[in-house]
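Chemist: The structure that follows is given in the form of structure tokens.
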Amino acid sequence: GLCQLVWRFQVSAALKEGHVTPTELCRRCLALIKSTRFLNAYITVAEETALKQAEESEKRYKRGQPLGVLDGIPIAVKDNFNTAGIETTCASNMLKGYISPYNATVVQKLLDQGAVLLGKTNLDEFAMGSGSTDGVFGPVRNPWSYSRQYKEKSVPKSHSEDEESNWVITGGSSGGSAAAVSSFTCFAALGSDTGGSTRNPAAHCGVVGLKPTYGLISRHGLIPLVNSMDVPGILTRCVDDAAVVLGSLAGHDPKDSTTIQDNFKPFELPSLPDVSKLSIGIPKEYHAPGLSSEILALWSKAADLFKNAGAKVIEVSLPHTRYSIVCYHVLCTAEVASNMARFDGLEYGHRSDMNKSTESMYAATRREGFNDVVRGRILSGNYFLLKQNYENYFIKAQKVRRLIANDFLKVFGSGVDILLTPTTLSDAVPYREFIKEDNRTRSAQDDILTQAANMAGLPAINVPTALSERGLPVGLQFIGRSFQEKQLLTVAKWFEKQVKFPMIQLEVVKRHNHDVFQHQKSASFS
């Protein structure tokens, strides 16, 4: 059961002591990807290059000179990060078959540390969505749909209907990465987070999802959605692992002028974190319409845990929260409209055969290449940017964004260290239910608790908290001060220890592959 071991203390130790070789580990993960293919978590599996990387790693271990804790560790990357030699599609017809000439900085950094890249994960087309249901490669299935915990709770009307129609979504847009980590096919995965796209699927798949401070990690090579909000996100099975990956990714990148100038010092989290001196803020505006009573109860219970540990827990107000989703929609679509202009069929990606004129070729290329969601966002973004609307929409939204950022500054200025909120309004919805509403309605509901952190550029993390009455994961979100990742992750680690989130019991894998899931109880690499 290597694939489920805790990473640094266990897998890293196992690799160092030679109990397992990087090649064996890589092969096990690749076998698991095959046996869980129905989850549709991966768009591309890079079997050959992964095995080559594992062999190189093996040579280093044999010489006793591994590159660090990530050496030989299998990882996955969301398919909107450029990877040299491996297709990058953004789950869109526009980029099917596109192979980038270079690696995104974050991908390069992981490879430089010896990590083994297993493949590229599925997403909503161009990362626009909150379900991972809208990409051209089809929806991602939440591994928990096939867990003993969910199956025991969900009563099928008839046997045949059971698995086929009851499966639940992963959330999005980084659903492939969340599913990959949650189903043990890799130890860590990269997602991206523009309005919650890493934290939302992390909550639904029962994994840790970290959105770092804007500017702490390079965006170079991440295909942009909203330049002023996008951040590469980190998905792992425990908080310690997220800290390790963050340590290897953070810091200045000359190729991304929005990254911080200072050197970033990787940190170890304390093994016995203490929260007794902290002040935890509970923003009352996050008690949003549509918040399930179950999550509300968990949120209060979490606040009590902190109180009982001696932390100060206070209700705070972020008064502009109720305008944030509208403001986010305007700014997001405006930047999308500008970013998507690069896909014109000339330099790369799809090109239509329509050749009456350049204009008609542009139009046909974009109609064939983009789905309705992407075209809809481009359309509304361009509307907000029209000369006669610019002041009323775009400029006004920028002003509101500043007010939202100031709300957070005031609260943190008043002595609050960390904010505790729900991550999602409910647990994961069955796919059948989810597709009854359109992408825009869904995104507006699903981003409500997460997007303010993107607008303010703050670090935020989802920590898996408990299983719902339906046997599905529910997470809570911690939001920290700018660049205070160490404090944020320390609190998250303390909370993770308190809640003891249960391990997923994947029945499918047992059926497909008997030896993979025995013996081990723990679930991460550090």
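The values are calculated or read from the model by the stated rules, or taken from the named source; none is laboratory data. Since the model is a prediction, treat every value here as computed from it, not as a measurement. For neighbour counting, all protein chains shown are included, and Cβ atoms are generated from backbone atoms with ideal geometry for every residue, glycine included. Surface accessibility is based on the protein's heavy atoms, side chains included, excluding ligands, DNA and RNA. Shrake-Rupley method; radii C 1.70, N 1.55, O 1.52, S 1.80 Å.
Chemist: Return yes when ARG440 is open to solvent by 60 Å² or more (accessible area, probe 1.4 Å), at pLDDT 90 or above and in contact with a helix residue (DSSP H, G or I) (Cβ under 9 Å, 6 or more places away or on another chain) and no when it is not. Quick ask: steps written out before the conclusion?
Modeler: Details: open to solvent by 60 Å² or more (accessible area, probe 1.4 Å): yes; at pLDDT 90 or above: no; in contact with a helix residue (DSSP H, G or I) (Cβ under 9 Å, 6 or more places away or on another chain): yes.
No, not satisfied.
Chemist: Moving to a separate point now. Would it be correct to say that VAL491 is within 26 Å of SER276 (Cβ to Cβ) and open to solvent by 10 Å² or more (accessible area, probe 1.4 Å)? Give the steps one after another, and end with the answer.
Modeler: Working: within 26 Å of SER276 (Cβ to Cβ): yes; open to solvent by 10 Å² or more (accessible area, probe 1.4 Å): no.
So VAL491 does not fit the description; no.
Chemist: Ok, one more. If you scan the stretch 458-485, which residues turn out to be out of contact with any Lys or Arg (no Cβ under 9 Å at 6 or more places or on another chain) and open to solvent by 50 Å² or more (accessible area, probe 1.4 Å)?
Modeler: Selection gives ARG481, SER482, PHE483, GLN484.
Chemist: So, one more: Just checking, does the stretch 139-148 include any residue being out of contact with any Asp or Glu (no Cβ under 6 Å at 6 or more places or on another chain), open to solvent by 20 Å² or more (accessible area, probe 1.4 Å) and modelled with pLDDT of 95 or more?
Modeler: The answer is yes, given that some residue of the stretch 139-148 is out of contact with any Asp or Glu (no Cβ under 6 Å at 6 or more places or on another chain), open to solvent by 20 Å² or more (accessible area, probe 1.4 Å) and modelled with pLDDT of 95 or more.
Chemist: Might you check whether a residue that is open to solvent by 30 Å² or more (accessible area, probe 1.4 Å) and touching a Phe, Trp or Tyr at 6+ places or on another chain (Cβ under 6 Å) occurs anywhere in the stretch 396-416? Write out each step before concluding.
Modeler: Our first condition is that a residue be open to solvent by 30 Å² or more (accessible area, probe 1.4 Å); within the stretch 396-416, this holds for 396, 398-403, 406, 409-410, 413-415.
Remaining after also requiring touching a Phe, Trp or Tyr at 6+ places or on another chain (Cβ under 6 Å): 400.
Looking through the stretch 396-416, at least one residue is open to solvent by 30 Å² or more (accessible area, probe 1.4 Å) and touching a Phe, Trp or Tyr at 6+ places or on another chain (Cβ under 6 Å).
Chemist: Now for a different question. May I ask you to list pairs of residues, at least six apart or on different chains, whose Cβ atoms are under 7 Å apart, with the first in the stretch 320-331 being closer than 10 Å to ILE448 by Cβ and the second being open to solvent by 40 Å² or more (accessible area, probe 1.4 Å) and at pLDDT 95 or above?
Modeler: Within 7 Å, the pairs are THR321/GLU285; ARG322/GLU285.
Chemist: Quick one: which residue in ALA428, ALA397 is modelled with pLDDT of 95 or more, over 20 Å from HIS320 (Cα atoms), touching a helix residue (DSSP H, G or I) at 6+ places or on another chain (Cβ under 6 Å) and of a type outside the set (Ser, Thr, Tyr)? Give the derivation first.
Modeler: On the way: ALA397 fails: over 20 Å from HIS320 (Cα atoms).
The match here is ALA428.
Chemist: Could you check VAL69 against (1) modelled with pLDDT under 95; (2) under 18 Å from the mean Cα position of the chain (by Cα); (3) of a type in the set (A, V, I, L, M, F, W, C) and say which number it fails?
Modeler: Condition not satisfied by VAL69: (2).
Here is a yes/no grid of residues against (1) touching a residue at least 24 places away in the same chain (Cβ under 8 Å); (2) of a type in the set (A, V, I, L, M); (3) touching a Pro at 6+ places or on another chain (Cβ under 6 Å):
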position: SER173; (1), (2), (3): yes, no, no
position: THR185; (1), (2), (3): yes, no, no
position: GLY209; (1), (2), (3): yes, no, no
position: PRO212; (1), (2), (3): yes, no, yes
position: HIS220; (1), (2), (3): yes, no, no
position: MET229; (1), (2), (3): yes, yes, no
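Chemist: Please specify each residue of the stretch 299-328 satisfying the condition of being open to solvent by 20 Å² or more (accessible area, probe 1.4 Å) and out of contact with any helix residue (DSSP H, G or I) (no Cβ under 7 Å at 6 or more places or on another chain).
Modeler: SER300, LYS301, ASP304, LYS307, ASN308, ALA309, GLY310, LYS312, ILE314, VAL326
Chemist: Within the stretch 179-208, how many residues turn out to be aliphatic (A, V, I, L, M), within 18 Å of ILE479 (Cα to Cα) and either open to solvent by 10 Å² or more (accessible area, probe 1.4 Å) or more than 8 Å from the chain's Cα centre (by Cα) (or both)?
Modeler: Applying the first criterion (aliphatic (A, V, I, L, M)) to the stretch 179-208 yields 179-181, 188-190, 202-203, 207-208.
Add one more test, that the residue is within 18 Å of ILE479 (Cα to Cα), and what stays is 202-203, 207-208.
After this cut, where a residue has to be either open to solvent by 10 Å² or more (accessible area, probe 1.4 Å) or more than 8 Å from the chain's Cα centre (by Cα) (or both) as well, the list is 203, 207-208.
Number satisfying all stated conditions: 3.
Chemist: For the stretch 329-362, give me the residue count where each residue is of a type in the set (Gly, Ala, Ser), open to solvent by less than 50 Å² (accessible area, probe 1.4 Å) and assigned to a loop (DSSP other than H, G, I, E, B). Let's see the steps before the verdict.
Modeler: So the first thing to find is which residues in the stretch 329-362 are of a type in the set (Gly, Ala, Ser), and the list is 334, 337-338, 341, 345, 349, 352, 357, 360.
Okay, now just the ones that are also open to solvent by less than 50 Å² (accessible area, probe 1.4 Å), so 334, 337, 345, 349, 352, 360.
Imposing the further condition that a residue be assigned to a loop (DSSP other than H, G, I, E, B) reduces the set to 345, 349, 352.
Matching residues across the stretch 329-362 total 3.
Chemist: Quick test for you: out of ARG367, ARG375, pick the one residue that is of a type in the set (D, E, K, R), in a helix (DSSP H, G or I) and closer than 18 Å to PRO224 by Cα. Walk me through it before giving the result.
Modeler: Numbers: ARG367 fails: closer than 18 Å to PRO224 by Cα.
Answer to the selection: ARG375.
Chemist: Would it be correct to say that LEU472 is over 29 Å from VAL316 (Cβ atoms) and at pLDDT 95 or above?
Modeler: Working: over 29 Å from VAL316 (Cβ atoms): yes; at pLDDT 95 or above: yes.
Here the answer is yes, as LEU472 does meet what is asked.
Residues are listed down the side, and each one gets a yes or a no for (1) open to solvent by less than 30 Å² (accessible area, probe 1.4 Å); (2) of a type in the set (Ser, Thr, Tyr); (3) assigned to a helix (DSSP H, G or I):
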residue: ASN103; (1), (2), (3): no, no, no
residue: PHE126; (1), (2), (3): yes, no, yes
residue: GLY129; (1), (2), (3): yes, no, no
residue: GLU152; (1), (2), (3): no, no, yes
residue: GLY171; (1), (2), (3): yes, no, no
residue: SER177; (1), (2), (3): yes, yes, yes
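Chemist: Looking at the stretch 221-236 only, could you name the residues that are within 17 Å of GLY175 (Cα to Cα) and either of a type outside the set (A, V, I, L, M) or not in a loop (DSSP other than H, G, I, E, B) (or both)?
Modeler: Scanning the stretch 221-236 gives LEU222, ASP230, VAL231, PRO232, GLY233, ILE234, LEU235, THR236.
Chemist: Taking the stretch 329-346, which residues are in contact with a helix residue (DSSP H, G or I) (Cβ under 6 Å, 6 or more places away or on another chain), hydrophobic (A, V, I, L, M, F, W, C) and closer than 18 Å to ASN371 by Cα? Spell out the reasoning first.
Modeler: Going through the stretch 329-346, the residues in contact with a helix residue (DSSP H, G or I) (Cβ under 6 Å, 6 or more places away or on another chain) turn out to be 330-331, 333-334, 336-337, 340, 343-345.
Filter once more, so that each one left must be hydrophobic (A, V, I, L, M, F, W, C): 330-331, 334, 336-337, 340, 343.
Listed by number, the residues that qualify are ALA334, VAL336, ALA337, MET340, PHE343.
Chemist: Let me ask something additional. For residues that are hydroxyl-bearing (Ser, Thr, Tyr) and touching an Asp or Glu at 6+ places or on another chain (Cβ under 8 Å), scanning just the stretch 224-270, find the one that is least open to solvent (accessible area, probe 1.4 Å). Reasoning before the result, please.
Modeler: Of all residues in the stretch 224-270, those hydroxyl-bearing (Ser, Thr, Tyr) come to 228, 236, 248, 257-259.
From what's left, touching an Asp or Glu at 6+ places or on another chain (Cβ under 8 Å): 228, 259.
Working: SER228: 33, THR259: 7 Å².
Selected residue: THR259.
Chemist: Of all residues in the stretch 364-395, which are hydrophobic (A, V, I, L, M, F, W, C) and open to solvent by 80 Å² or more (accessible area, probe 1.4 Å)?
Modeler: Scanning the stretch 364-395 gives a single hit, LEU379.
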